[in-house]
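A.B. asks: Encoded as structure tokens, here's the structure I'll be asking about.
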Amino acid sequence: MPTPPAIAGVLEAALYARDLDAAESFYHGVLAMEVVLRLPGRHVFFRAGETILLVFNPEETARPSQNPKMPVPAHGARGPGHVCFRASRTEIARWRAHVTAQDIAIDAEFDWPNGARSLYIRDPAGNSVEFAEPHLWS
């Protein structure tokens, strides 16, 4: 069996939300992420550093694309998902102050056994949004 090439990183990650306006208000309005692409009723995509965060309406992505030039297969998930954004300890403290000033509840904040700090909040669709120090996975 041939050896596969090494994976260089995550190009995109996906979350699902029926209310895309609320998702855009959260990711663009609260987290200040740039909107890259929006298709009303279907999806809104955001820039997260070198990665793209895709937020799809799960009802729409459950059906395969009808566009023959982009034959994307049906996909999706039900229920809350999870995304983790890279942040330094100082940035995590700033995120805590920023989200609490916007009346967003903190789900959890703690140090992992390796000393990395994590902060968890929820987006309007109930997805778990984490900010963590990169050495969490060292």
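A.B. asks: Can you give the FRET efficiency for residue 12 and residue 135, using 1/(1 + (r/R0)^6), R0 = 25 Å, r = Cβ-Cβ distance, to the nearest 0.05?
C.D. replies: Between residue 12 and residue 135 the formula returns 0.60.
A.B. asks: Each label point is 7 Å from the Cα along the Cα-to-Cβ direction; what then is the distance between the points at residue 3 and residue 25, in nm?
C.D. replies: For residue 3 paired with residue 25, the spin-label model returns 5.2 nm.
A.B. asks: Within 10 Å, at most 15 other Cβ atoms, and a DSSP state outside H, G, I, E, B define an exposed site. Report the longest part of the chain free of exposed trypsin sites (Lys or Arg not before Pro).
C.D. replies: Details: sites that count: 18, 42, 69, 78.
Value returned for the longest uninterrupted segment is 79-138.
A.B. asks: A further question on this structure: So how strong a dipole does the range 1-125 carry about its Cα centre when Lys and Arg Cβ are +1 and Asp and Glu Cβ are -1, to the nearest 20 debye?
C.D. replies: Around 220 debye, computed over the range 1-125.
A.B. asks: Quick one: order 33, 1, 70 by neighbouring beta-carbon count within 10 Å, fewest to most.
C.D. replies: Going from least to most buried by this count: 1, 70, 33.
A.B. asks: Let me ask you something else. Note the full-extension length gain between residue 98 and residue 62 as 0.36 nm times their separation in residues minus their Cα-Cα distance, in nm to one decimal.
C.D. replies: That pair, residue 98 and residue 62, stretches by 9.5 nm at full extension.
A.B. asks: Given a Förster distance of 30 angstrom, what is the FRET efficiency for residue 84 paired with residue 42, based on the Cβ-Cβ distance and rounded to 0.05? It would help to have the intermediate numbers written out before the result.
C.D. replies: Values: r = 25 Å, r/R0 = 0.83.
The pair residue 84/residue 42 has a calculated efficiency of 0.75.
A.B. asks: Taking 1 over the mean of 1/r across every pair of different Cα atoms in the chain, what Kirkwood radius in Å do you get?
C.D. replies: After inverting the mean inverse Cα-Cα distance, the result is 16.4 Å.
A.B. asks: To the nearest 0.05, what FRET efficiency results for residue 34 and residue 74 with a Förster distance of 30 Å applied to their C-beta separation?
C.D. replies: Step by step, r from the Cβ atoms, then E = 0.60.
A.B. asks: Taking the simple approach of a point 7 Å from Cα along Cα-to-Cβ for both residue 122 and residue 108, what is their distance in nm?
C.D. replies: 1.4 nm
A.B. asks: Helix-derived [θ] at 222 nm for the chain: sum -39500 (n - 2.57) over DSSP H runs of at least 4, divide by residue count, nearest 500?
C.D. replies: -4000 deg cm²/dmol
A.B. asks: For the range 122-133, what does the Karplus curve 6.51 cos²θ - 1.76 cosθ + 1.60, with θ = phi - 60°, yield as ³J(HN,Hα) per residue in whole Hz, taken in order and with x for Gly and Pro?
C.D. replies: Going residue by residue, I get 10, 7, x, 8, x, 5, 7, 10, 10, 10, 9, 5 Hz, with x marking Gly and Pro.
Only the coordinates and a few stated rules stand behind these numbers; no lab work does. Please read these numbers as outputs of a predicted model, since none were measured by experiment. Positions of Cβ are generated from backbone atoms using ideal geometry, with glycine treated the same way; all protein chains shown enter the neighbour counts.
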